[in-house]
Structure formats: C-alpha cells, structure tokens
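Below is one structure, written out as structure tokens; comments come after it.
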Amino acid sequence: MTLSERIEQALRAYMDADDSAPLLLESMRYSLLDGGKRIRPYLLLRVSEMLGGRETDAMPFACALEMVHCYSLIHDDLPAMDDDAMRRGKPSNHVRFGEANAILAGDGLLTKAGLLLMRQNGFDGAKRAIFEGAYAMVSGQSDDLNLTGRDAETLERIHLRKTGALFRAACVAGAYCSDPEKAEEMRRFGDTLGLLFQMTDDLLDEEKDAAEQKLTYVTYYGREKTAAFIDDAAQSALALLSPYRGEAADELRSLVDALRSRTN
C-alpha cells in the first residue's frame, strides 16, 4: 500500500468512527474523502520520516491537517467567498447540500481536527503548529478578502499565510513528530514550498485572476518574472533538502519538482 493509500485509509477510518448527525457526517465525508491531492498530509508524513519519525505517530496529525484544509475549501467555495460551484471534479459542498449545511460541514471538520489532535499524547509542538497554521490561513484569507493594498509586501504577506500557512504547518508538525530541533529549518522549507505552490497556481489561473482583478504574482509581476520566481523557490527548497538522504528525502525532492511543473 502506498503512502497516499494509507492516508486515504486513515482518513476514512477517522470518519467511519463517527455515527452522529448523519447528514452532517455525509456532507463532511463528501468533501473530505475520495478526492484531493493530499499534498499537505503527504508532506507532513515525509518530513517526519526523513527526520527519523514513525508514521504511526505522525498519521493523526497528517489527517487533522487535511481536515483543516478541507474545511477551508468548503468555506472558500461558498457564495459569500469565492462562489465556486465545482471542487475536485464534483459539485461543491454548498451546491450538493445547501449553504447552511456546507457551513456546518466546514465547522465540523475543523472541530473534528481539533478533537483528533487533543486525543494524541505528547507532541505538543505538532499540535501547536497545526492550530497556528489554521489561524494564519484564516488571517491571510481575511487580508485577501478585505484587500487594502496592492504592493509586493501585501502580496507576499497574504500568500505566506493564506496558502503557505498549511504548508508551513505540515513541515513544522512533521519535525515535531520526529526531531524538534529541525523545526525551524523545516519552517523555512514549508514557507518556500507554500510560495512555490501559490506562484504556480497564479500561472494556472492567470486569465481568471486578471478578469477578476485579483492581486497575484502574475497580475503584479507578470508571467515571465513569476516563472523566474518559481525556479528560484524550487532551487531554494531543494537546497534545504540537500543534507538529507533516503527514500523520504528523495520523495520530497520529487514533490518540489512536481509543484514546479504542475499543470492543475
């Protein structure tokens, strides 16, 4: 069984353990299961493995992080936010279950993530990293929604939090599940990956973002300069991995390359 398959199995097990509020559970499962790239939990688990941690220790944190990410997507898609009708190749949660139930599904996933974290013994640094990441993500979303400036500093600040916060949380939590002394180094790795992901996203969404007059790397710097920034970020991420050997480190290097060249 691959790591991605083990993540899916663990997420399904955590959701199957809940038999309360059937409609709420159905809507939570609808958005959480059977879809998504699982980059953030995969990243957490590979960082932990690279630093000598055990998958059994890190898996609950990886699943909690994916629940947080999924809740943010449900709320992002709402008519009051980005108003997207499709997510992961199927109707968004609010289209399938109605707006009120979608809000509750997001609330439920965030709360379930917190309960899952609190059930783990020890690893307080990993818990804190995920909670801090969740709040930083919301702060970045708020800044983006209530945009007051269109300068380079605002652009980077928003994306380091709105998108980068959960990448940073994945890497820092992975370190705290294995080797806490590496947490700051992994924080830098997570920030770099988050920016890499966002800049490639901006390239992919260039036409849509331009039409909506969004502040992105492409609308601010242009396509050519953004592509150069992407290459710089990828090289910085790979440099941070250079001291490490083994399968997990190689998989993380492959992830950097995949993020740099992704097409969706």
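Observations on the structure shown:
- Scanning region 168-220 for residues that are touching a residue at least 60 places away in the same chain (Cβ under 8 Å) and in contact with a Phe, Trp or Tyr (Cβ under 7 Å, 6 or more places away or on another chain) yields 171, 173, 177, 190, 193, 197, 217.
- Considering residues of region 68-82 that are among the charged types (D, E, K, R) and closer than 12 Å to residue 145 by Cβ only, the residue surrounded by the most Cβ atoms within 10 Å (Cβ to Cβ): 76
- Selected residue (criterion: nearest to residue 208 (Cα to Cα)) from residues of region 89-98 that are in contact (Cβ under 8 Å) with a residue 12 or more places away in the chain and surrounded by fewer than 14 Cβ atoms within 10 Å (Cβ to Cβ): 89
- So residue 85, is it touching a residue at least 60 places away in the same chain (Cβ under 8 Å), out of contact with any Lys or Arg (no Cβ under 8 Å at 6 or more places or on another chain) and small (Gly, Ala, Ser): no
- Which listed residue is part of a helix (DSSP H, G or I), crowded, with 18+ Cβ neighbours inside 10 Å and at negative phi, from 237, 228: 237
- Just one of the listed residues (154, 192) is of a type in the set (Ser, Thr, Tyr), buried (at least 24 other Cβ atoms within 10 Å of the Cβ) and in a helix (DSSP H, G or I), namely 192.
- Close pairs from region 247-264: first under 15 Å from residue 227 (Cα atoms), partner aromatic (Phe, Trp, Tyr), Cβ under 7 Å, at least 6 apart: 259/197
- The one condition from (1) acidic (Asp, Glu); (2) in contact with a helix residue (DSSP H, G or I) (Cβ under 9 Å, 6 or more places away or on another chain); (3) surrounded by fewer than 18 Cβ atoms within 10 Å (Cβ to Cβ); (4) within 30 Å of residue 85 (Cβ to Cβ) that residue 55 does not meet is (4).
- Filter result for residue 165 (within 21 Å of residue 67 (Cα to Cα), in contact (Cβ under 8 Å) with a residue 60 or more places away in the chain, touching a helix residue (DSSP H, G or I) at 6+ places or on another chain (Cβ under 7 Å) and among the small types (Gly, Ala, Ser)): no
- Boolean, residue 187 is closer than 21 Å to residue 135 by Cβ, among the charged types (D, E, K, R), out of contact with any Asp or Glu (no Cβ under 6 Å at 6 or more places or on another chain) and assigned to a helix (DSSP H, G or I): yes
None of the figures in this text is laboratory data; all of them are computed from the coordinates on show. Remember, it's a predicted structure, so these values are computed and weren't measured experimentally. Heads up, the Cβs are rebuilt from the backbone with ideal geometry, glycines too, and the neighbour counts pull from every protein chain shown.
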